[in-house]
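All remarks here apply to the structure that follows.
The values are calculated or read from the model by the stated rules, or taken from the named source; none is laboratory data. This one's a predicted model, so the numbers in the text were calculated from it and none came from an experiment. We place every Cβ from the backbone using ideal geometry, glycine too, and count neighbours over all the protein chains shown.
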Amino acid sequence: MQDRRAFFKTGAAAALSIGSSRILGANDRVNLGIIGLGGRGRYHVGAFSRIPDARVAALCDVNQEARERNSAMVIKAGGQKPAEFVDMRKMFEDKSIDAVSMATPNHWHSLGTIWACQAGKDVYCEKPASHNIYEGQKMVEAARKYGRMVQIGSQSRSVPGFIKGMRLLNEGVIGKVYMAKGLCFKRRKSIGKTPVEPVPPGLNWDLFLGPAPMRPFSRNRFAYNWHWFWDTGDGDIGNQGIHEMDKARWGLNAGLPTLVSSTGGKYVYDDDQETPNTQLASYDYGDCQIVFEVRGIITGGESGAEPRGGNTVSNIFYGADGFMVLEGAGFKVYKGENRELVLEEKSGGGEDALHMKNWLSEIKTRNHTGLTADVEVGVRSMALVHLANISYRLKRTLKFDPATMTFPGDAEANRLARPEQRKPYAVPDKV
C-alpha cells in the first residue's frame, strides 16, 4: 500500500482506480482521445476522423493554440466538439474514452503509454516506441499486465507489398540472407541557432518537457526540431530511420544482436543540433548483420536504391543468390551474377489507414497477437536505434546481452540505457 500511495501522490497513476473501459461490440465506435497535436497529431485527427469505427472524442496538447486548431478540424470533419485537455492524466480519468492515440515527442511515448494502460485505455503509439531501452521494457510490461492493445506506428508492417516481400525472403527468394542494409538518406537543412526566450502564452513548458530535464525555452527545442536534441529525440536514425530499421530486422527475422558499433558526426553545420546528421551503424548477429546509414546532407543514392524526391529511404537485403530492394510500397528482386530483375511488386499506399484499422479491429477482439506492430515488436526494433546511439555517444563498440537487455560490465552504457528522468515524470520500476 505504501508504494501505491506514493504513486498516487505524484499524480502519475490516478487512473489506477478507474478500471478498464467499456467492452466494445463489433459495431461500436471506439471513443478516441488524441494526445500531441503537432504535425503528426494533426494527421491522426484527420485520419481517424475518416475511419467509421473511430470517433475523435477528446484532444490533449500542452499548447492551447494546437488544441483550438485541431478541435476546429474535428468539427469541420463532421464530428462533435471534442473535450480538451492540457494534461494527459486528466484525459485518462475520463471513463468515456476507450483508447488513445499518442503522437507526442519521443520522450513522452513510453510514460504516456504506461499511464494509459494503467487507466484501462488501449494505445496507438507513434513510432518510435521508446526514448531509451529501459522504458521500452516497461511499456511491454504494462501492456501485458493490463491486457491492453498497444500498436506502434510502424505502418510498413501493414503494407501488403512489404508483407509479401518479407514472406518471400523467409522462403529463400534470394537464398540465405546475410545482410540487411537500411538507408535513411533524408535531406535535413540546418536548424540554425535560436535564443532562450520567455515561454509563449498558452504553452505549458513543464508538461512539454515532462521526463526530460528542465531547460529554458527556445524555438529549436520546441515544435519539430526537438528531434535533434538527446533530451527529447533520437536523431534521424530514430525518426525516419526507425521505419527502415524495423524492416531490416523484420526481413532478417532477427531479434537483437550481441555486438554493435556506430560512428559518425554532425558535419558541415554550426547550429543547435546535438544528434548526428551522418551516422553509420553495424549490428553483428553471428551469421548475418544489419548495416544502417543516415545521411542528412546532400548525397547520392545507393546502387539499386535510387533517390525518390531527393531522398533515398529504403532497405536492401543481400542473399547468396541475389538481392531485394524495398521501394515505395513494393519491392524488386535481382538475381544471378548479372543481377537480372526477376520479380517486381508494386503496391499502393494507404498504410496509415490499414495500420489504424488493424488496431481498431483488435481492440474489439482483445487479441494482441493480431496487431501488425504490437508494442513488443516496436520496442525491440527501437532497441536497435538505442544501441547505435549509445555506441555513437560513447565512441566505441559495445557488447550487448539480449537476454538481460544490458551491457555486461559496462556502467557507462547501462546509464545511457536508463538515463535519469525528471520527477514526477519518471517511468516507475513497478508499472
TODO: Could you please tell me which pairs satisfy a Cβ distance under 8 Å, a separation of 6+ or placement on different chains, a first residue in region 348-371 that is assigned by TED's automatic domain parsing to the domain that holds D28 and charged (D, E, K, R), and a second residue that is part of a loop (DSSP other than H, G, I, E, B) and surrounded by fewer than 16 Cβ atoms within 10 Å (Cβ to Cβ)?
DONE: K364/G25; K364/A26; K364/D28; R366/G147
Open item on the list: Taking the condition of being touching a strand residue (DSSP E or B) at 6+ places or on another chain (Cβ under 8 Å), hydrophobic (A, V, I, L, M, F, W, C) and farther than 16 Å from N389 by Cα, how many residues in region 114-139 meet it?
Closed with: 5
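Just give me the residues in region 67-79 being surrounded by fewer than 16 Cβ atoms within 10 Å (Cβ to Cβ) and either outside the structural domain of R29 (by TED's automatic domain parsing) or touching a residue at least 24 places away in the same chain (Cβ under 8 Å) (or both), in sequence order.
Once the filter is applied, which keeps residues that are surrounded by fewer than 16 Cβ atoms within 10 Å (Cβ to Cβ) and either outside the structural domain of R29 (by TED's automatic domain parsing) or touching a residue at least 24 places away in the same chain (Cβ under 8 Å) (or both), region 67-79 yields R69, A77, G78.
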Task: Tally, over region 321-354, of residues that are buried (at least 19 other Cβ atoms within 10 Å of the Cβ), out of contact with any Asp or Glu (no Cβ under 8 Å at 6 or more places or on another chain) and among the aliphatic types (A, V, I, L, M) - done: 3
- [ ] Run G233 past the list (1) farther than 30 Å from K90 by Cβ; (2) surrounded by 19 or more Cβ atoms within 10 Å (Cβ to Cβ); (3) in contact with a helix residue (DSSP H, G or I) (Cβ under 6 Å, 6 or more places away or on another chain) and report the number of the one that doesn't hold.
- [x] (1)
Task: Selection status of G182, outside the structural domain of N106 (by TED's automatic domain parsing), surrounded by fewer than 23 Cβ atoms within 10 Å (Cβ to Cβ) and farther than 23 Å from T404 by Cα - done: no
Open item on the list: So in region 26-48, with the set limited to residues that are under 15 Å from A83 (Cα atoms) and within 22 Å of the chain's Cα centre (by Cα), which one is surrounded by the fewest Cβ atoms within 10 Å (Cβ to Cβ)?
Closed with: V45
- [ ] Name every residue in region 355-388 that is crowded, with 16+ Cβ neighbours inside 10 Å, out of contact with any strand residue (DSSP E or B) (no Cβ under 7 Å at 6 or more places or on another chain) and either farther than 24 Å from A329 by Cβ or modelled with pLDDT under 95 (or both), in order of residue number.
- [x] K364, E376, V379, A383, H386
Task: In region 397-431, the residues that are within 25 Å of Q279 (Cα to Cα) and in contact (Cβ under 8 Å) with a residue 60 or more places away in the chain - done: T397, L398, K399, F400, D401, P402, M405, L416, A417, R418, P419
Open item on the list: Can you tell me which residue is farthest from the chain's Cα centre (by Cα) among those in region 305-320 that are crowded, with 16+ Cβ neighbours inside 10 Å and of a type outside the set (S, T, Y)?
Closed with: G319
- [ ] With the condition kept exactly as written, say whether any residue in region 178-192 is farther than 30 Å from Y267 by Cβ and of a type in the set (V, I, T).
- [x] no
- [ ] Within region 119-135, identify whether any single residue is assigned to a helix (DSSP H, G or I), over 17 Å from the mean Cα position of the chain (by Cα) and crowded, with 23+ Cβ neighbours inside 10 Å, and answer yes or no.
- [x] no
Task: From the options F162, F185, residue that is at pLDDT 95 or above and within 19 Å of P276 (Cα to Cα) - done: F185
Task: Odd one out for A411 among (1) surrounded by 17 or more Cβ atoms within 10 Å (Cβ to Cβ); (2) over 24 Å from the mean Cα position of the chain (by Cα) - done: (1)
Task: Odd one out for E302, checked against (1) closer than 21 Å to R167 by Cα; (2) surrounded by fewer than 19 Cβ atoms within 10 Å (Cβ to Cβ); (3) in contact (Cβ under 8 Å) with a residue 60 or more places away in the chain - done: (1)
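How many residues are of a type in the set (A, V, I, L, M, F, W, C) and either within 27 Å of the chain's Cα centre (by Cα) or under 12 Å from F162 (Cα atoms) (or both) if we restrict to region 321-348? Working first, answer last.
Initial filter on region 321-348 (of a type in the set (A, V, I, L, M, F, W, C)): 323-326, 329, 331, 333, 341-343.
After this cut, where a residue has to be either within 27 Å of the chain's Cα centre (by Cα) or under 12 Å from F162 (Cα atoms) (or both) as well, the list is 324-326, 329, 331.
Total satisfying the criteria: 5.
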Task: All positions within region 186-225 that are of a type outside the set (G, A, S) and in a helix (DSSP H, G or I) - done: W205, D206, L207, F208, L209, R219, N220, R221, Y224, N225
TODO: Residues being among the small types (G, A, S), surrounded by fewer than 24 Cβ atoms within 10 Å (Cβ to Cβ) and outside any helix (DSSP H, G or I): count how many of those fall in region 142-163.
DONE: 1
Task: Residue pairs meeting the criteria (Cβ under 9 Å; at least 6 apart or on separate chains; first in contact (Cβ under 8 Å) with a residue 60 or more places away in the chain, in region 278-289; second of a type in the set (A, V, I, L, M, F, W, C) and assigned to a loop (DSSP other than H, G, I, E, B)) - done: Q279/I237; A281/I237; Y283/A254; Y283/L256; C288/A254
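Where in region 276-345 are there strands (runs of 3 or more DSSP E), lying wholly inside it, with at least 3 residues that are farther than 26 Å from W228 by Cα?
Because the criterion is at least 3 residues that are farther than 26 Å from W228 by Cα, the strands (runs of 3 or more DSSP E) in region 276-345 that meet it are 312-319, 322-327, 330-335, 340-345.
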Task: Residues of region 265-287 that turn out to be under 22 Å from the mean Cα position of the chain (by Cα) and surrounded by 16 or more Cβ atoms within 10 Å (Cβ to Cβ), as a count - done: 10
